[in-house]
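Below is one structure, written out as structure tokens; the observations come after it.
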Amino acid sequence: MADHSDLPESGGVSYAVIIPHYEDVARLTLCLEALFDADDDVLADVEVAVVDNGSSQSLAELEARFPRARFLIEKEKGAAAARNKGVAETTAPYLFFLDADCIPGPDWLETAKHAVNRADLVGGRIDTFDETPPPRSGAEAFEAVFAFRQKAYVEEKGFSVSANLLTARAVFEDTGGFIVGVSEDLDWCQRALAKGHKLTYADDLVVRHPSRQDWTALRKKWQRLSSEAFHLNGVSIGRRLIWACKACVVLLSLAVHAPKLLMSSKLDSSKERLAGLVTLVRLRIWRTCYMLLQAMSLRS
């Protein structure tokens, strides 16, 4: 278990919350409302940095409404660059990474202050919620079952999604910043672990993330993830062959994941299960084809 209790405080501020943002003012508003709903004594030693990635939407109204937050601009595209900017522009010895479309639980800040000392890296729980009335669409049903399996990511795959990630500044500086263009949370956590830092999962550290509502949003998400993972995998002939094999495994995973979806207690009706199953099959076929095209250099 990590113990960072000897880290110096910086000007009375001990914790920095870093929030990258791009073109999502409505959800950022909900995020900040939940974050600043904490008691004043909890917020007293916290600095909040919202790092906008060049949005066309004005944040002036939010700046006026949340004067305790700092609003920064990072021109380089990518959440990784925005997070790095937030780290560089803050001074607190502890870093809490949160995404603009996530709603932190009512005790998230207080829990984070205690949880950050459990290990060098701490990944918290990410629950999904629907922004549309029931029944769920196929994309929403898929996300309800398969999105953000944070416990498995931390305990089985050795990384935490950066939408709910805690660490110390000393750990971040030892590891180096996030890298744009790859799966930055996977890459960063694995680099930290390679340095000897420890990662743990905190089930009591909860944020809520909206589910993707339709096929277009879901496909766009997986296209981005596939592109980032492909570049992290490497582009040599041998690595491309490995990537092609992974593409085939994605398709074969239907045999395991279809029954899981159909039997999931997270879905409320047979209509949702059928819609989710159709989306699952469609997505796995699309991902397999896309990854094979990547392996043949026809997609990036």
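The values are calculated or read from the model by the stated rules, or taken from the named source; none is laboratory data. For clarity, every value in this text was computed on a predicted model and none was experimentally measured. With ideal geometry, Cβ positions are generated from the backbone for all residues, glycine too; neighbour counts draw on all protein chains shown. The protein model used for the area step is the full one, side chains on, heavy atoms only, and it has no ligands, DNA or RNA in it. Shrake-Rupley method; radii C 1.70, N 1.55, O 1.52, S 1.80 Å.
Filter the helices (runs of 4 or more DSSP H) completely within region 188-300 down to those with at least 3 residues that are open to solvent by less than 30 Å² (accessible area, probe 1.4 Å). Lay out the reasoning, then the answer.
Numbers: elements: 215-233, 237-252, 254-262, 270-295.
Output list reads 215-233, 237-252, 270-295.
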If we scan region 172-191, do we find a residue that is farther than 21 Å from P93 by Cα and over 16 Å from the mean Cα position of the chain (by Cα)? no
Any idea which of (1) in contact with a Ser or Thr (Cβ under 9 Å, 6 or more places away or on another chain); (2) under 18 Å from G181 (Cα atoms) is the one Q223 doesn't satisfy? (1)
Those residues of region 4-35 which are polar (S, T, N, Q) and at pLDDT below 95 amount to S5, S10
